[in-house]
């Protein structure tokens, strides 16, 4: 069992990624996903990273699910903004 309390930084470390605030910001900015793309199916994960994400999502391990969900939301930020803008446009023309 790990002695460190899960965080976004520790999640990045567990995934074998650089985990400084600047590195996390850069990763999130450069790895945005389309709205219909599941986090664990993203093409940039290797096999062990994908298995880590799936394992903790399936187990619904409270300590990690919060941070995996946070990562998921941040990697879909552009898709969510696009959807909100599309909905605003539809409302403007209604």
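Read-outs throughout are calculated quantities, based only on the coordinates presented, and are distinct from any laboratory measurement. In this text the structure is predicted, and so the values were computed from the model without any measurement. Don't worry about glycine lacking a Cβ; one is built from the backbone with ideal geometry, like all the others, and counts go over all protein chains shown.
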Obtain the radius of gyration and the Kirkwood radius of the stretch 9-92 from its C-alpha atoms and give Rg over Rh. 1.03
Kindly put 45, 64 in sequence by how many other C-beta atoms sit within 10 Å of each C-beta, fewest to most. 45, 64
